[in-house]
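For reference, the structure is listed below as structure tokens.
Every number here is computed from the coordinates shown, using simple stated rules; none is lab data. None of the values given here were measured: they were computed from a predicted structure. Every residue, glycine among them, receives a Cβ derived from its backbone with ideal geometry; neighbour counts consider all protein chains shown.
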Amino acid sequence: MFEFEMIVAFGAGAALMAMAPVVKKMGNQELGDSMGQAGRTMAKSGVKVGIVAAGAASKVVRGVAKGAAEVAETFVDLVEEAKSESSSDEIDDSSSSETNSSAGKDNSSTITEVTVE
């Protein structure tokens, strides 16, 4: 909505400012001056509306960018935690399988030492 109003006000003001010298040349000095002033005021109002709209949009964009940065940081942290847990799980699995295989060897040697009388 602000963009449309800005464009209309600026365009109408610029058109009046452009037509003012033509009206002056045609012999109506007062009307030309009046058109120039009105056009200048309208164009300035259009620019002011644009500045306000740009300021509001800038605040929104900064808020969205800050939120996106926080989400990205959280996601990176989550990925790092998952990687560290995954690598620690692999280490635990490999050490427990080595323990089980070495325990099996000890049990078999213990069984062979048993003698029956």
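Some points to look at:
- Calculated FRET value between Ala56 and Val76, using beta carbons and R₀ = 35 Å, to 0.05: 0.70
- Using equal-weight Cα scatterers in the Debye expression, the normalised intensity of the stretch 2-87 in log10 at q = 0.21 Å⁻¹ is -0.90.
- Partners for Lys48 among lysines (Cα-Cα distance below 22 Å; same-chain residues under 8 apart left out): Lys59
- About its Cα centre, the stretch 2-87 has a charge dipole of approximately 820 debye under the convention of +1 per Lys or Arg Cβ and -1 per Asp or Glu Cβ, with nothing else charged.
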